[in-house]
Amino acid sequence: MVPGTANNFRSWLREHSQLGEQSQFSLSASLRAPSLAVLETEAFPTRKAEEWRYTPLKQLLAQSIEPLTGSSIDTDLLEQLKDSLTTAYRLVFIDGQFSSEHSNKLTDDFPAGLNIQLMAELDPESRQRAEATILTSKLSDDNIFQHITRGLSRAGLFIKLDRDIEIDIPIQIVYLSSTNSGVSCSTPINVVCLEENSRLQIVEQFASLKGTQTVTLPAEYIHLKAGAGLVLYKIGLESEATDHISNTSVQVAREASFKSHQYLLGSRLTRSNMEVHFSGPGGEALLRGIYLGDNSQHLDVRTYLDHAQPHCRSDQHFRGIMSGRSRGVFNGMVLVREQAQLTDARQSNKNLLLSRDARVDTKPQLEIYADDVKCAHGATVGELDPDALFYLQTRGISKPDAALMLTRAFAAVITQEIQIDTLRSQVHNEIAQRLNQIETSHV
Amino acid sequence: MLSIKDLHVSVEDKPILNGLSLEVKPGEIHAIMGPNGSGKSTLAHVLSGRDGYTITSGTVQYKGLDLLDLAPEIRAREGLFLAFQYPIEIPGVNNTSFLKKALNEIRKHRGEEELDAIDFLGLIKKQMKLVEMKEDLLKRPVNQGFSGGEKKRNEILQMAVLNPTLAILDETDSGLDIDALRIVAGGVNKLRSESNAFVVITHYQRLLDYIVPDFVHVLSNGRIIRSGTKELALELEERGYDWLIEKSETSS
Ligand SMILES: Nc1ncnc2c1ncn2[C@@H]1O[C@H](COP(=O)(O)OP(=O)(O)OP(=O)(O)O)[C@@H](O)[C@H]1O
Ligand SMILES: [Mg+2]
């Protein structure tokens, strides 16, 4: 250890990267090595780095990490998550370990053409495919957290769907943290490959017991081949003692479609970086999301849309609701390269501040190098409409209730796009519950 | 029921109501007329509890309560209703669930049982016939994308459902076609009883053919400068306001 550094997370990383049998890791040694080298040499970003200006890492980095134990779980919480989908192929990780008890059987529970394996236990052919997907994935924000996950991950899934297969039943992936002594770190890595014209829905839920301290660092690499379609839901419900930094890289080939719905409702710190790279013409990316913060939560949403091919369409709509002393960041980049004619790119970010001390920094960015394109972006930060509040009050509705109605309505514009009924109502309830707490604590 | 005494109100230090007094008893209909900017909407807003007005002096008693002391929602639950001159659009809030919530808040306050979805739907269907409103407007967000006339009908629908003790109608007739005017007036007449009262703000004598007032008041420069019966409205229709305003200026 370098003398004088009191960097507990860093020292944990140093020690931890040397430990463990090769067979326990998600990735092979040759793929881990470059990432481990990055961990050796690279410093954590400070707030001097433009991309990390708003993201406070101090608390995260000051923590020392305890080993993951896979301890007892809160069955109520798990049941609640299960209820959000009436039918699903379910895969549950508890404190970073796959729980076969709560999951579908990996060998025979899935329909033909759907291949799901644990990253640490891949057959050679799947390993080759999974790692090739990672190697060809791009992240313009090649941050150190991606390398922590690549270097240390022992959890996560490889999901591959064969061509022309459409599966209506969603795949539900639950990450549950329940360690209540010390801080644990979980680093799941998922690789999703959809072959030509196949279709799949994935619902990822991150949750933890109240008070559980976790650093969750998921990395996800998605490859959609021509004509394939993926709908990816990500619901973040972790406790306010957790930090969550995720990286998602999506490659969208010719006429493929990627739809993402992110609901970031938990964590002390959340930073979600999602990048979509169009690798063929006619692709589509639809990104939706809500970030909802209270107390001193920090929620940071990043998107990067790389229109490197002509005739692709991207449509982003993110809404932030910030209360207490919370802070939201939206940083959305749309890059339209010279060859990307007939691009249709839309981006909208709207924010609602429910308290004086809440803050949002929104930074929509458009870089256009092609001339025949349709691009639109806009961002707003505002408060509840006082005229609307008054109108509701004159009908007998109390001010807190009126504020709640208006805020829920603000969120509903996004949530109504969730296509799975039970999931939509679960998300609705989670949002309503949080807003209720906000209203009762502040008004 | 309502007793306004020497009310002075200003907005950002600008006096708008300058010693307004008005008595309204159960069963009465009062019409308030007066030139643009004379303070009619301000009166309506102050009575319903809108922020941003400073009451510099005067009192308002409503059913024996100090009205100005109550939060807007409490006034509403006590039976006060304002039909807005410019109803507010509320995106994302469903018209029906909004109205159900409003009614149940008022019922709770009165110690009555809340209506369930079925009973409420029965009630609203009945009242919709009264204002001849299209049913699809119920499924839409409150007032969003409604035409001017549809918004006004929606105000009257809310009034019919909430069944207020004192209703203030701020230019509900403006922007209505002649059929709609008759329907809105018909609604008011059906709701009218010995125990409730209406304050109808209007620019047009025409409305008063349908809603026949017991009293007509002329508001000018924040004060009632003349009160009379419905004949006063006819006279105003013919002669305008100038003669009255000149007279009040010379007399004061
Ligand atoms: N918030 C405000 N700030 C400044 N002036 C205001 C405000 N609200 C009202 N006023 C002023 O007070 C006066 C009375 O306005 P009010 O809306 O009550 O008139 P009104 O009689 O309803 O007129 P109209 O017939 O046009 O509806 C006007 O001169 C108006 O400009
Ligand atoms: Mg007015």
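The values are calculated or read from the model by the stated rules, or taken from the named source; none is laboratory data. Source: prediction; values computed, not measured. Cβ placement follows ideal geometry from the backbone for every residue including glycine, while neighbour counts extend to all protein chains displayed. Surface accessibility is based on the protein's heavy atoms, side chains included, excluding ligands, DNA and RNA. Shrake-Rupley method; radii C 1.70, N 1.55, O 1.52, S 1.80 Å.
Residues of segment B:85-102 that are open to solvent by 10 Å² or more (accessible area, probe 1.4 Å) and either at the interface with chain A (Cβ under 7 Å from one of its Cβ atoms) or among the hydroxyl-bearing types (S, T, Y) (or both): B:Y86, B:I88, B:P91, B:G92, B:T96, B:S97, B:K101. Within 16 Å of ligand 1 (Cβ to nearest atom) and either surrounded by 21 or more Cβ atoms within 10 Å (Cβ to Cβ) or assigned to a strand (DSSP E or B) (or both) - does that describe any residue in segment B:152-166? Scanning segment B:152-166, I find at least one residue that is within 16 Å of ligand 1 (Cβ to nearest atom) and either surrounded by 21 or more Cβ atoms within 10 Å (Cβ to Cβ) or assigned to a strand (DSSP E or B) (or both), so the answer is yes.
Based on what the data block shows, is B:A76 within 16 Å of ligand 2 (Cβ to nearest atom) and open to solvent by less than 20 Å² (accessible area, probe 1.4 Å)?
Numbers: within 16 Å of ligand 2 (Cβ to nearest atom): no; open to solvent by less than 20 Å² (accessible area, probe 1.4 Å): yes.
In short, no.
Here's the yes/no breakdown for (1) touching a helix residue (DSSP H, G or I) at 6+ places or on another chain (Cβ under 6 Å); (2) among the polar types (S, T, N, Q):
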residue	(1), (2)
A:T149	no, yes
A:G156	yes, no
A:I165	no, no
A:D168	no, no
A:Q172	no, yes
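Of all residues in segment B:71-101, those satisfying the criterion of being under 17 Å from the mean Cα position of the chain (by Cα) and closer than 24 Å to B:S147 by Cα are B:F81, B:L82, B:A83, B:F84, B:Q85, B:Y86, B:P87, B:I88.
Quick one: which of A:G151, A:G156 is touching a strand residue (DSSP E or B) at 6+ places or on another chain (Cβ under 8 Å) and in contact (Cβ under 8 Å) with a residue 40 or more places away in the chain? Before you say what the answer is, go through the steps one by one.
Details: A:G151 fails: touching a strand residue (DSSP E or B) at 6+ places or on another chain (Cβ under 8 Å).
Going through A:G151, A:G156 in turn, the sole match is A:G156.
Summed over segment B:108-120, the residues that are open to solvent by 80 Å² or more (accessible area, probe 1.4 Å), touching a residue at least 12 places away in the same chain (Cβ under 8 Å) and more than 14 Å from every other protein chain (Cβ to nearest Cβ) give a count of 0. Assessment of segment A:432-443 against the conditions (outside any helix (DSSP H, G or I) and either facing chain B (nearest Cβ under 9 Å) or modelled with pLDDT under 95 (or both)) yields at least one matching residue.
Here's the yes/no breakdown for (1) within 14 Å of another protein chain (Cβ to nearest Cβ); (2) within 16 Å of ligand 2 (Cβ to nearest atom); (3) crowded, with 23+ Cβ neighbours inside 10 Å:
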site	(1), (2), (3)
B:A180	no, no, no
B:F198	no, no, yes
B:Y204	no, yes, no
B:F215	no, no, no
B:L219	no, yes, yes
B:I224	no, yes, no
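Residue-wise test of (1) assigned to a helix (DSSP H, G or I); (2) under 22 Å from B:T165 (Cα atoms).
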| site | (1), (2) |
| --- | --- |
| B:S193 | no, yes |
| B:L207 | yes, yes |
| B:V212 | no, yes |
| B:I224 | no, no |
| B:S227 | no, no |
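Taking segment B:30-52 as the range and being closer than 13 Å to B:I16 by Cβ, within 14 Å of ligand 2 (Cβ to nearest atom) and not polar (S, T, N, Q) as the test, the residues that pass are B:G34, B:G37, B:G39, B:K40, B:L43, B:A44, B:H45, B:V46, B:R50. Considering segment B:167-178 alone, what residues qualify as being within 13 Å of chain A (Cβ to nearest Cβ) and more than 16 Å from ligand 1 (Cβ to nearest atom)? Residue satisfying the conditions is B:A167 alone. Scanning segment B:9-22 for residues that are buried (at least 19 other Cβ atoms within 10 Å of the Cβ) and within 9 Å of ligand 1 (Cβ to nearest atom) gives B:I16, B:L17. Taking (1) crowded, with 23+ Cβ neighbours inside 10 Å; (2) of a type outside the set (S, T, N, Q); (3) in a loop (DSSP other than H, G, I, E, B) in turn, A:D164 satisfies each apart from (1). Residue count for segment B:61-73 under the criterion of being more than 7 Å from chain A (Cβ to nearest Cβ) and surrounded by 20 or more Cβ atoms within 10 Å (Cβ to Cβ): the result is 2. The single condition among (1) within 16 Å of ligand 1 (Cβ to nearest atom); (2) touching a residue at least 60 places away in the same chain (Cβ under 8 Å) that B:M1 does not meet is (1).
Going through segment B:159-178 one residue at a time, which ones are acidic (D, E) and within 16 Å of ligand 2 (Cβ to nearest atom)?
The first filter runs over segment B:159-178 and keeps only residues acidic (D, E), leaving B:170-171, B:173, B:177.
Correct list: B:D170, B:E171, B:D173.
On the given criteria, is B:K139 within 14 Å of chain A (Cβ to nearest Cβ) and at pLDDT below 90? First the steps, then the outcome.
Values: within 14 Å of chain A (Cβ to nearest Cβ): yes; at pLDDT below 90: yes.
Against the criterion (within 14 Å of chain A (Cβ to nearest Cβ) and at pLDDT below 90), B:K139 qualifies.
The set of residues from segment B:146-165 being within 12 Å of chain A (Cβ to nearest Cβ) and β-branched (V, I, T) comprises just one member, B:V161.
Considering each residue of segment A:140-161 in turn, at least one proves to be over 25 Å from A:E15 (Cα atoms) and surrounded by fewer than 21 Cβ atoms within 10 Å (Cβ to Cβ). Quick one: which of A:K210, A:K234 is among the basic types (K, R) and modelled with pLDDT of 95 or more? A:K234 is the lone residue from the list that is among the basic types (K, R) and modelled with pLDDT of 95 or more.
Residue count for segment A:180-219, restricted to those that are in a strand (DSSP E or B), among the charged types (D, E, K, R) and open to solvent by 30 Å² or more (accessible area, probe 1.4 Å): 1. Does at least one position in segment B:7-23 carry a residue that is more than 16 Å from ligand 2 (Cβ to nearest atom) and within 9 Å of another protein chain (Cβ to nearest Cβ)? No, the conditions are met nowhere in segment B:7-23.
If the condition is being hydrophobic (A, V, I, L, M, F, W, C) and within 16 Å of the chain's Cα centre (by Cα), then segment B:26-59 contributes B:I29, B:A31, B:I32, B:M33, B:L43, B:A44, B:V46, B:L47. Restricting segment B:32-60 to residues that are within 28 Å of B:V212 (Cα to Cα), touching a residue at least 40 places away in the same chain (Cβ under 8 Å) and small (G, A, S), which is nearest to the other protein chains (Cβ to nearest Cβ)? Among those that are within 28 Å of B:V212 (Cα to Cα), touching a residue at least 40 places away in the same chain (Cβ under 8 Å) and small (G, A, S), it is B:S48.
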